[in-house]
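Comments concern the structure below.
The values are calculated or read from the model by the stated rules, or taken from the named source; none is laboratory data. In this text the structure is predicted, and so the values were computed from the model without any measurement. Counting neighbours? That spans all protein chains shown, and the Cβs are built from the backbone with ideal geometry, glycine included.
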Amino acid sequence: RTVQDRQTGAEVPLSEEQLELVRRLQRGQFGDVGFDPYEPSVDFFSHEVRIHPVTNRPADKRSFIPSLVEKEKVSKLVHAIKMGWIQPRKPKESVPTFYDLWAREDPNSVLGRHKMHVPAPKLPLPGHAESYNPPPEFLLSPEEELAWEQQEPAERRLGFVPRKFRSLRAVPAYARFIHERFERCLDLYLCPRQRRMRVNVDPEDLIPKLPRPRDLQPFPTTQALIYRGHSSLVRTLSVSPSGQWLVSGSDDGSVRFWEVSTARCLRALPVGAVVKSVAWNPNPSICLVAVAVDEQVLLVNPGLGDRLLVAATDQLLDSWEAPEEERLQPVRWVPAGPEERGKGIRLLVQHSK
């Protein structure tokens, strides 16, 4: 039981008294064994009644004259208050710990006169199904009660099963009371409340101001031409690139070609079905019209205009050759037969549904 002296490096043996002192200090006790920290306190000035005071020292001179240091401190504080550097503390408003829950319903209270007060929606009043003795039509049959139990809580029309009791005294405690109160508190807490300001709008401002007709001129004002010939609804129109010819398709199963300037019907091509769409080739060097009928597209050479242009179109279509090894494709290109070529049809593009 030795300790090393840091100055000499020698091992100094410890006595039993020193070891006991170390143990007491490690345990948080006083070093002196005879010291009692809980002995009664004795007041030095009042435990004995004496005639003369303990000290009879005369008072100092500074006790009878004003302090210059305190005078300087007070003058600095007065100057700071005059300059506004030191502001008095604002009195704290006393907030009551308890307040009236129903103060908002009192119109004479401050909370009741609040302009932005939004009242909470009230609970719906109980109906006949919540009575302790409901009519028979409100009671659930065993099948309806089983279906009610199998439904999701959000899909149920009623949140409880109506019961019938002999008297009000026989009604037991409601098991879902706390749960419903908790859901009501959640509804009030999570419900977004917003006051929508009513906007006064003049109905005349909602009507758009239309421009004057004379500002939109020039525009057609008289009926100049009528294209007569179709006996049913005209579904589609297309104008040639030159603007001289017009093609129309109708529900009467015919395609008609017109001259735009005179409304003269130059050709009528019966196709035997409702014409869904027609389109003139936008290339002015080709006289070709596509007609969509049922499950096929007809490529028609109307034969209008320059003969050289019509012949060049036929030569272009006749140069098409079917591939030697045909692969299975959703679309088939079929050359027109003699009867169809007499009508102006050159190719048929068939697409099976």
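Structure values in brief
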item	result
Qualifying positions in region 51-68 - exposed (fewer than 10 other Cβ atoms within 10 Å of the Cβ), modelled with pLDDT of 85 or more and of a type in the set (S, T, N, Q)	S63
Residue that is within 51 Å of the chain's Cα centre (by Cα) and either among the polar types (S, T, N, Q) or assigned to a loop (DSSP other than H, G, I, E, B) (or both), where the choices are L225, L158	L158
Condition met for S319 (among the small types (G, A, S), within 23 Å of W245 (Cβ to Cβ) and either exposed (fewer than 14 other Cβ atoms within 10 Å of the Cβ) or modelled with pLDDT under 85 (or both))	no
Failed criterion for P241 (all others in (1) surrounded by fewer than 16 Cβ atoms within 10 Å (Cβ to Cβ); (2) outside any loop (DSSP other than H, G, I, E, B); (3) not basic (K, R) hold)	(2)
L269 touching a residue at least 60 places away in the same chain (Cβ under 8 Å) and touching a helix residue (DSSP H, G or I) at 6+ places or on another chain (Cβ under 9 Å)	yes
Filtered residue count, region 137-152, keeping only those that are assigned to a loop (DSSP other than H, G, I, E, B) and over 14 Å from R163 (Cβ atoms)	2
Wholly within region 263-353, strands (runs of 3 or more DSSP E) carrying at least 2 residues that are aliphatic (A, V, I, L, M) and under 19 Å from S248 (Cβ atoms)	264-270, 275-280, 289-293, 296-300
S352 being in contact with an Asp or Glu (Cβ under 9 Å, 6 or more places away or on another chain), surrounded by fewer than 12 Cβ atoms within 10 Å (Cβ to Cβ) and among the polar types (S, T, N, Q)	yes
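A quick yes/no check of all residues on (1) surrounded by 14 or more Cβ atoms within 10 Å (Cβ to Cβ); (2) under 16 Å from R228 (Cβ atoms); (3) free of Cβ contacts under 8 Å to residues at least 40 places away in the same chain:
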| site | (1), (2), (3) |
| --- | --- |
| D252 | yes, yes, yes |
| I286 | yes, no, yes |
| A290 | yes, no, yes |
| D306 | no, no, yes |
